[in-house]
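Data first, discussion second: the structure below is written as structure tokens.
Derivation of every value follows stated rules applied to the coordinates shown; laboratory data play no part. What you are looking at is a predicted structure, and each value in this text was computed from that prediction instead of being measured. Neighbour counts run over all protein chains shown; Cβ positions are idealised from the backbone, glycine included.
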Amino acid sequence: MSEHSAAPARGPSTSEAELLRQRVEELEAQLAQSQKLLAIGSLAGGVAHDFNNLLTAILGYASLLREDASVGPQVLEALDVIEKAAERASQLTGQLLGFVRRGGPRRVRVDVHQTLGEVAELLRHTIDKSIRIETRFDAGASHVPGDPSQIYQVFLNLALNARDAMPDGGTLTLATTPAAGMVRVSVMDTGAGIPLHIRDRIFEPFFTTKDPGKGTGMGLTVVQSIVRSHGGRIEMECESGTRFHVDLPLSAAQASVCAEEAEAGATRGKGSVLVIDDEEVVRQVAARMLNNLGYHPICLGSSREAIDYYSRRSRDIDMVIVDLVMPELSGQSVFERLREINPRVRVVLTSGYSQDAGVEAMMDRGAKAFLPKPYRLAQLSETLAAVMKA
Ligand SMILES: Nc1ncnc2c1ncn2[C@@H]1O[C@H](COP(=O)(O)OP(=O)(O)OP(=O)(O)O)[C@@H](O)[C@H]1O
Ligand SMILES: [Mg+2]
């Protein structure tokens, strides 16, 4: 536009009009894009929520069967596969949610070197042998606070792009170097590089140069969104191949809570537990698990009914497990009502969205624990035992 000196008084010149039209088209495209993302976001959120309820039933019953002394080795083997597959499904929903949720990601101590090692291992087993995989870990500190499956996904997406860039073979290097307060992870390939004219667009949602069915163009969009939500940054360099550098802030020593829940034996307990969940399969499996652990379960699907029940029987109830997403009253209102009835009520919040808005506020106001769905016998028993002790 700067080319134009004296704009004619009767309105924009043809080339100005042309530029304006282009700008409008660009804006329209951007709008369409963000609407698409919004739609995907709410769809993904809904799917993930329902999915985690179903996974709670699958993993819950699998963990119950595992406790059953009469099952033979073949059943145990089948259970292994069922649990692994369900865990993977649950990680996937986690990733889906990680991409759409507004709150911060799950924060646990993640060893970037270990994660890169796992990615390298997976690639060595799955990608064409014409691609050599090298690792070079030169960073001294490699622990970052973050969401393990999201960080895994970042490295895997970058590595798969690198693979796709080397159809005739080459070298894929996963490397780390120290950077002030951060760890720099570099994913490098010896492919053809990224043509100049598309470099600005690679992070755009749905931008892909791959054939239909080969790529969705969401890989780098997800990568960038995850890196940002971890307080990091990503850079790209093309020089005899492509290099993506991801800088992630290191853990402060105190941020180191180890999360990978040990698959400890279930702690038994006693007392009555009121479960408020609108999903029938979740109520069923929760009742079975609670029985198995020695608790007396009372499961109700309607939050109003549950509050009514609690107001009559609060003295007989030792704990309440409240699902945060329910049709009639939100988990938050249920929590408030329960506290009005009994300020010392022991409430365990549960949800298929790992970090619902409001969870922290409710924890501040006296909720005792948050139990993410899907949960199994071990997680349920640990949480309840801790809450009963507190
Ligand atoms: N290492 C690389 N070398 C060359 N081009 C790359 C590299 N990484 C990304 N690109 C380019 O950026 C585009 C977008 O990448 P992105 O990961 O977002 O989507 P995709 O790989 O096409 O599809 P998918 O959603 O399956 O990841 C790719 O189609 C490719 O053109
Ligand atoms: Mg990709």
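Couple of notes before you dig in:
- Put simply, segment 14-100 fits an ellipsoid with semi-axes of 51, 11, 6 Å; these come from the alpha carbon gyration tensor as the roots of five times its eigenvalues, largest first.
- For Lys368, the lysines whose Cα falls under 22 Å of its own Cα, not counting residues fewer than eight places away in the same chain, are Lys270, Lys389.
- Segment 154-162 - phi-based ³J(HN,Hα) in whole Hz, Karplus 6.51/-1.76/1.60, Gly and Pro as x: 4, 5, 5, 4, 5, 5, 5, 4, 4
- Counting only alpha carbon atoms, the long axis of helix 377-389 and the longest principal axis of the chain meet at about 60°.
- Degrees between helix 219-229 axis and first principal axis of the chain (Cα, 0 to 90, nearest 10): 60 degrees
- Counting DSSP beta bridges with both ends in segment 126-205, the antiparallel % (nearest 5): 50 percent
- Candidate lysines - alpha carbon under 22 Å from Lys129, same-chain residues fewer than 8 apart omitted: Lys210, Lys214
- Straightening the chain between Lys36 and Ser311 buys 94.5 nm, computed as 0.36 nm per residue apart minus the Cα-Cα spacing.
- Phi-based couplings in Hz for segment 187-202 (Karplus 6.51, -1.76, 1.60; Gly and Pro marked x): 10, 10, 10, 10, x, 7, x, 10, x, 3, 5, 10, 4, 5, 9, 4
- As a calculated quantity, the FRET efficiency between Arg136 and Arg233 at R0 = 22 Å, using C-beta atoms, amounts to about 0.55.
- Largest to smallest principal axis extent of the C-alpha atoms in segment 310-378, angstrom: 31, 26, 24
- Across the chain, the volume of the C-alpha convex hull divided among the residues equals 205 Å³ per residue.
- Helix-only CD estimate at 222 nm, as mean residue ellipticity for the chain, using -39500 (n - 2.57) per DSSP H run (n ≥ 4): -15500 deg cm²/dmol
- For the chain, the share of DSSP beta bridges that are antiparallel, to the nearest 5, is 50%.
- log₁₀ of I(q)/I(0) at q = 0.13, 0.15, 0.16 Å⁻¹ - segment 74-225, Debye sum with one point per alpha carbon: -0.71, -0.94, -1.05
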